[in-house]
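Just below is one structure, and these are the notes that go with it.
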Amino acid sequence: MSARAISGFGLGLRRVFCESLLKTSRRVDFLEIIPENHIGMGGRHSRPVTACLERWPTTVHGLSFSLGGTDPFDPAYVQGVRDLARLCGSEYVSDHLAWSTFGGAHLHDLCPLPFSLEMVEHVARRHREAQERLGLPIALENITYYLRFRQSHLDEAEFLKEVLSATGADLLLDVNNLIVNAKNFGGDPALLIDKLPVERIRQIHIAGHSPRGSMIVDDHRGPVPEEVWTLYRRVISRAGRVIPTLLEWDTDVPPLDVLIDELDRARAEAKAALADKLREPHRAHYASSTITLVEAM
Amino acid sequence: MSDPREILASFLLGRQSRLDCIQALFGDADPQEMEGLSVYAAHALRNQKDAVAAPYPRALAALTAHLGPEGLDALVARYSRAYPCRLLNPARPAETFPIFLAEYGGLPAWMVDLARFEKRLWDVENAPDDPADEIASDTPMLRSTFRLDSYGASLLDWVVDDPVHPSAEGEPPSRQTWVVSFRGSDLETRLIEVGPGDAALITRLLAGETLGPEAAELLLDLRAAGAFRGT
């Protein structure tokens, strides 16, 4: 399939709602598929997934490149991601600023990295090699972390900036992850947003989270919380453009209409953020291009 | 061991205790770091259980009834230590689980058979599509997903009466059975119990032997069921 750019407001594709998605007349602009759930699958369950990929522009979002890890890249996995990206017409692939394998074993989680310059260099080397093997750009997503290593001497914003600078990668900004990290370890996610190079944000993830003991965990459960919407508006306002925005809802997935209601909300929030920006007199130089974007939504 | 990734991995793979991990990472047991480590441990267990639950829902229900929820968690954790996931293949998740159960000991034999049976169901249902399956040839060839398995319990009726909602009640009748399985051209899974005579013939067929007239009726039945390519 030839390349199809994603834009607007999309859903993380899950098997539970594939059939409903194919029947809906409501607006879903794009999809995101997780290769770990679909590579090599055949049979009747794969048919609705394939039908969705044919109908919607889709981007591929991996979990297993383990870009912060040390294990060699799995050639079969790389090939599977490449084939899936080709099937989807995906212009890029995304994965996480994390590691998920060690000594050849999958840890079933996205584990945190020390926020250090040494790790920045390591990730840059791995990212370059992964892109060469894949033949496609790999955008990087910020993760949630539940531990902070003693080896960290940068804060999260500094680490993200350094990684983006060293890799030249685009950022898949998970707004919910910033909120979760701030709730668990303090800090102001709005200030973090202000430090990031917003022109490098290629895609946004929004999702919900839950308390677990004294911590907040990123479990993609429930509607997007108000604080995530607030931060989302700030990102869009700072960027001055609509950034492709994807809803992740993986725990207790509700009927499709509830998911699409959240996409409609995201569309409204982005529109409001851009309209608010128009009213900011000191940023009037953005106005003409923003009007076009708001009208296009 | 000074790389914090190695320390955390060692804990998540069950090779190091929580306290040792915390001490190696932070020097003392800070409550917040302990809580953080618990989050990773809980994620790992949940994801390991999910990987097993997808292909083995009935076996997991039976194991839960037999061991209790905590016993099941311990079993899954032990499985993950014994057989850490080396290859993420969604078509074959937790494929070593039946082997592990057979080695585990102390479980009713039918539970191991049930896991083997569910693995076969999963494989048939989700195996990659083989275009050759849709091409008829002069020499009858079995579909790529065609398999014959033997079990010490009569699982077919016990399991397949409700394929959507697994039941953990009771146990299947103890009886030697042979079950043919394959994915038909309509993508539906076919399960056929055969007797010992037909099982012997099918074993020869799968070994590549050309069968004589003694297999004529069996071959007709298999063709009618859609077991051959292009049918």
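No value in this document is a laboratory result; all are computed from the given coordinates. Keep in mind that this is a model prediction, so the values were computed, not measured. As a convention, Cβ positions derive from the backbone with ideal geometry for all residues, glycine included, and neighbour counts pool all protein chains shown.
Descriptive notes on the structure:
- Here the residues A:His153, B:His66, ranked from fewest to most Cβ neighbours within 10 Å of their Cβ, fall in the order A:His153, B:His66.
- Centre separation in Å (Cα based) which lies between segment A:50-115 and segment A:193-242: 21
- Per-pair calculated FRET efficiency, R0 = 41 Å: A:Phe185 and B:Asn89 via Cβ, rounded to 0.05: 0.70
- Straightening the chain between B:Ile192 and B:Thr210 buys 4.3 nm, computed as 0.36 nm per residue apart minus the Cα-Cα spacing.
- At R0 = 45 Å, FRET efficiency that the Cβ-Cβ distance of A:Glu132 and B:Thr139 yields, to 0.05: 0.50
- Ratio of Rg to Rh over segment B:63-110 (Cα coordinates, Kirkwood Rh, two decimals): 0.98
- Set of lysines with alpha-carbon distance to A:Lys161 below 17 Å, sequence-local pairs under 8 removed: A:Lys195
- For the protein assembly as shown, Kirkwood radius (reciprocal of mean inverse C-alpha pair distance, Å): 25.5
- Ratio Rg/Rh [Cα only; Rh per Kirkwood] for segment A:1-141: 0.99
- Percent breakdown of C-alpha pair distances by 10 Å bin, ordered from the shortest bin, for chain A: 6, 28, 37, 24, 5, 0
- Each distinct pair of alpha carbons in segment B:21-160 adds a 1/r term; the inverse of their mean, the Kirkwood radius, is 17.6 Å.
- Take each residue of peptide B:45-53, count the partner chain Cβ atoms within 10 Å of its Cβ, and average: the result is 2.
- Remark: relative contact order (chain B) = 17 percent; criterion is Cα-Cα distance under 8 angstrom and separation of 6 or more residues.
- Listed residue (A:Gly240, A:Val78, A:Ser20) projecting farthest to the positive dipole end of the protein assembly as shown, Cβ model: A:Gly240
- For a label point 7 Å along the Cα-to-beta-carbon line of B:Asp130, residues of segment B:188-204 with backbone N under 18 Å: B:188-192, B:202-204
- With Cα atoms, 0 to 90° folded angle of helix B:109-126 axis to chain B main axis: 70
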